[in-house]
Amino acid sequence: MVDTVFAPWDDPNVAPLISFKNVTKRFGDFVAIDDLTLDIFEREFFALLGPSGCGKTTMMRLLAGFENPTSGSMLLSGHDIAGIPPNKRAVNMMFQSYALFPHLSVWENIAFGLRRDGVVKDVLNARVEEMLKLTRLEKFGRRKPHQISGGQRQRVALARSLAKAPKLLLLDEPLGALDKKLRQDTQFELMDIQEQTGTTFVIVTHDQEEAMTVASRVAVMDEGRIIQVATPEKIYEAPNSVYVADFIGDVNILTGPVKAAGVDTYSLDFGGTEPVTANSDRAFAEGETVHLAIRPEKIGIHAERPDGPNTVQGKVLDIAYLGNLSTYHVQLPNGQIIKAQTTNTRRISRRAFTWEDLVWISWSATAGVLLDQ
Amino acid sequence: MFGLVGAPQLAFCWINDLRRFVLIALPYFWLLALFLVPFVIVFKIALSDAALAIPPYMPTMKDGLSAMFLQLDFENFVFLTEDDLYWKAYLSSLRVAFISTVLTLLFGYPIAYAMARAPHEWRATLMMLIILPFWTSFLIRVYAWIGILSTEGLLNRFLFWIGAISEPLTILNTSTAVYIGIVYTYIPFMILPIYAALERLDASLIEAAEDLGCSRMKAFWLITIPLSKGGIVAGCFLVFIPALGEFVIPSLLGGSGTLMIGKVLFEEFFSNRDWPVASAVAVILLLILIVPIILFQRNEQRQQDAEG
Amino acid sequence: MNRLSPFNVVSLTFGFAFLYLPMLILVIYSFNKSKLVTVWAGFSTKWYGELLSNEAFLDAAWVTLKVAVISSSIATVLGTMAAYTLVRGGRFFGRTLFSGMIYAPLVMPEVITGLSLLLLFIGVGMDRGVMTIVLAHTTFSMCFVSVVVSSRLATFDRALEEAALDLGASPFEAFRLITLPIIAPAVVSGWLLAFTLSLDDLVIASFATGPSATTLPMKIWSSVRLGVSPEINALSSILIGLVASGVIIASLVSKRHSVRVQQEERAAERFEND
């Protein structure tokens, strides 16, 4: 999905398209953005992910020019853009409500931005037609926004914001108003359009699946700060904190003091019958309290005790059958509940385990990540 | 800081600030000059002496602003308290406004209720029929009642014809005619807020109350009335406040028999040409009105808070 | 819910009869041949003829119309500006006073507004006539316009203006191209309201005018004080007819429009997977 060659953030010679340098935004006493530093590169599909009120929308409004930072600087292609009003920025935004002008036709909505720039008629016509084609709306140019469906409105909003070929396109919860099925189709459409136009996209979303699907990099935010910025794989497999691990997908957390147990290997006493071992690139002090985060699908479930380092016995408490997967909630002797996931590869196979069964769960030493916060 | 974008940026802001200033200042100064300043003048004149000149009060602006504000006296207010005409007029205005408000509520509520119960497709039409009279001339609507209520008017003829009376009733030029006039002209103000409250009322609440053992009547008292209270209160204020200062209705329908403060003010000003006393009457009317206006505002605020 | 109880039917019938019978009677008796308004003496349109040849009434009607058109137009501009300031203006010095001055005239007794304006006009030595009535009417009707327009602006999606700015429109262009067309229906009804308030006003005009200008309501007032006259009945019927047809046409147009929009929205949903 992600082009392995495309990783400008790892190349120190590439200048970022946007950089936030120690940006803080306060509304009265409320700190919406807290001393934030971040680079976004050209042609990136960058996702800002976080719960509501985490400051992701404020960041977007700062980029669009609707708000100005309280302190710090924001550079677009190396120029400070603080104080430039929204109508003078080479940045366009797709609004959460789409904000289509109800009294103008689809065609006129798309042409609006071009007209403001005084684009000559022929060029304008060609550009609008191009945009209609790109978003598969050729047949709907003469309709008014209330005469088209929700999915089409979303595409008009996208076409309108792309028409001026901005350096940067901001998308505020662009798929929030669509139902689930349509949303999934549209995600791929968005990615195609982003690739075709080569525009840098910054998307704000609270839907982690959406962020993982579309983005080249994801920034997980909380309370005005960025907790982690990384590719979707890194965010999922190597979260830097319990917050990120917990926010993206399902996770089991085992907490306790660690002891060194070989090269890059630690044993963690989480309060079970015996300690578990885990590999880690990061070093921890003897006796430091550390969290081990393991994804449910990395935990196996067995009737007999398997060979291997981390095996714990427990009792099946709950089974969630999801069709393609089954998640078992296994209660350990110390009371902690661990989620283990298995793939249902065979149709109508006899279920191996049922409620109250005693089972063994196990995982490898590399399955989880050790985190200090 | 002031790089390439600095200079045009500043000019842009300056033009915007100017636009914003004009946008705010134009209506602001208009209202200051034609609403607030006149009030200050009314207060001022209420506190000056009557004089046989034009303008018939002393001191005037020609005597200088300081003189205008320094030579204040409360004679006119003392005069108002001494002459019981004014007392009676204030009390009678309050009484007429209060009684007509109650009557408007009694007549308006059932209409609003029936409108809210009417089939959906009728409601817009019914609403329009309630608002329509408001667009037609107030003066004409009041005038229409003269022909109906007079001694040889249509109402008396009708009652005589059906044999209900043998002597014509005197309705015109009494308080009854004023009540009828006020109820007639202000009933849309009562119906609309009550209707708005009743329309929002979820019909399943009544069903739930009946399901829990209420009779129809009881459900109405315990559910419908309390939930439409906001509309009732708003409607009452919307009738009471303008009725208190009403001038046209008591003048046309009340005759000399009804004393109302709006009428007294008008006559004091145009017939007696006693401007200071007229201004003092206006000031006291305002003071009386402030209480219901503040209560009304608070009720509206509470409604909004409850919704938001 | 679907069937009205007899009690509801009775209250609606009586309610609307109460509201409309007096006006209906007025209209009927304007076609009465007799000079005595309460005695029916056969159909005639002679009072309309007399009305149309009455110079004084025609002059007053002309003054009234002039005042109403000018004052409601100025009031619409000022009232829309005031509404925009109140809803979008943010904080500025004296905002509370400003909103107080917008709402106060709505509940102010006309006698007080009229009296205070007259005292102002005399105080500054202004000649009273059409000009002063226009000033007076503009002042109170701009407040009504502002209330109508600001209730529309309050429900207006602010993202629309932001989208216009984002696409390169200046704030003024955003207002002219986006905000104004969308709130236009509210601005138009604000104008209509201001217009009818001005047409209708007796008390404030009586205070604000001088001997040079008499409005129609003032003319009606002075003849009504002498009792009912068939000429006034005819005049009233004309005014009622004009207003009623105007309002009915306006509401039919807006209803047709909203029905069409609804139908189109429903049709649009069927294209969902197009």
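A few notes on this one:
- Near A:Leu325, the amide H atoms lying under 5 Å from its own belong to A:Asn344; only residues 5 or more places off or on other chains count, and H is placed 1.01 Å from N.
- When you restrict to C-alpha pairs under 8 Å that are six or more residues apart and normalise by the size of chain C, the relative contact order lands at 29 percent.
- Modelled spin labels at B:Arg200 and A:Ser77, positioned 7 Å past Cα toward Cβ, are 5.2 nm from each other.
- Once the convex hull of all Cα atoms in the range B:196-308 is built, its volume per residue stands at 137 Å³.
- R0 of 25 Å, Cβ-Cβ distance A:Ser97-B:Ile225: FRET efficiency to nearest 0.05: 0.05
- Estimated FRET transfer efficiency (B:Arg20, C:Leu242; beta-carbon r; R0 41 Å; 0.05): 0.55
- Take each residue in B:39-47, count the other chain C-beta atoms within 10 Å of its C-beta, and the mean is 4.
- Lysines whose Cα lies under 18 Å from that of C:Lys46, excluding same-chain neighbours fewer than 8 positions away: C:Lys33, C:Lys35
- Structure remark: mean-square fluctuation, Gaussian network model of chain B, C-alpha springs under 10 Å; the largest value among B:Pro276, B:Pro133, B:Pro27 belongs to B:Pro27.
- With the simple spin-label model, which puts each label point 7 Å out from Cα in the Cβ direction, the A:Thr289 to B:Val78 separation comes to 8.2 nm.
- For the range A:127-185, the alpha-carbon coordinates run over 31, 28, 18 Å along the three principal axes, in decreasing order.
- Full extension of the chain segment joining C:Val188 with C:Ser99 gains 29.8 nm, where the gain is 0.36 nm per residue of separation less the Cα-Cα distance.
- Cβ neighbours within 10 Å from other chains - mean over B:142-150: 6
- Whole-Å distance, taken between Cα centres, linking the range B:135-181 and the range A:58-104: 67
- The fewest-to-most ranking of B:Arg216, C:Arg128 by surrounding Cβ atoms within 10 Å reads B:Arg216, C:Arg128.
- Debye intensity ratio in log₁₀ form over the Cα atoms of chain A, taken at each q of 0.08, 0.11 Å⁻¹: -0.53, -0.88
- Mean Cβ count within 10 Å, highest first, over the residues of peptides B:255-261, A:262-268, C:86-92: B:255-261, A:262-268, C:86-92
- Shielding of A:146-154 by partner chains, average beta-carbon count, 10 Å: 5
- Of the beta bridges in the protein assembly as shown, as assigned by DSSP with both residues counted there, near 75 percent are antiparallel.
- Candidates per trypsin sites (Lys or Arg not before Pro) in the range A:116-224, loop by DSSP, up to 11 other Cβ within 10 Å: A:Arg142
- Restraint check, B:Lys44/C:Lys66; A:Lys56/A:Lys121; B:Lys263/C:Lys66; A:Lys88/A:Lys144; A:Lys139/A:Lys180, Cα-Cα greater than 31 Å: B:Lys44/C:Lys66; A:Lys56/A:Lys121
- Loop-located trypsin sites (Lys or Arg not before Pro) in the range A:333-373 whose Cβ has at most 11 other Cβ within 10 Å (DSSP): A:Arg346, A:Arg347, A:Arg350, A:Arg351
- Sorted by Cβ neighbour density within 10 Å, fewest at the top, the residues B:Phe29, B:Phe237, C:Phe18: B:Phe29, C:Phe18, B:Phe237
- Separation of alpha-carbon centers, the range C:221-250 and the range C:6-53, rounded to whole Å: 11
- Annotation: for a label point projected 7 angstrom from Cα along Cα→Cβ of A:Lys181, residues of the range A:118-151 with backbone N closer than 19 Å are A:149-151.
- Ascending count of other beta-carbon atoms within 10 Å, so fewest first, for B:Ile148, B:Ile288: B:Ile288, B:Ile148
- Sequence-distant aspartates and glutamates (8 or more away, or on other chains) whose Cα lies within less than 15 Å of A:Lys25: A:Asp34, A:Asp35, A:Glu67, A:Asp222, A:Glu223
- Most mobile of C:Thr139, C:Thr179, C:Thr80 in a GNM of chain C (Cα contacts under 10 Å): C:Thr179
- Here the calculated FRET efficiency for C:Ser222 and A:Ala165, from their Cβ-Cβ distance with R0 = 41 Å, stands at 0.05, rounded to the nearest 0.05.
- Label-point separation, A:Lys21 to C:Leu24 (7 Å along Cα→Cβ), nm: 8.1
- Most mobile listed residue (C:Val147, C:Val124, C:Val111) in chain C, GNM with C-alpha springs under 10 Å: C:Val124
- Reducing the range B:255-272 and the range A:1-53 to their Cα centroids gives an inter-centroid distance of 74 Å.
Values in this text are rule-based calculations from the coordinates and carry no lab data. Keep in mind that what you see is a predicted model, and the values were worked out from it rather than measured. In this analysis, Cβ positions are derived from the backbone assuming ideal geometry, glycine residues included, and neighbour counts consider all displayed protein chains.
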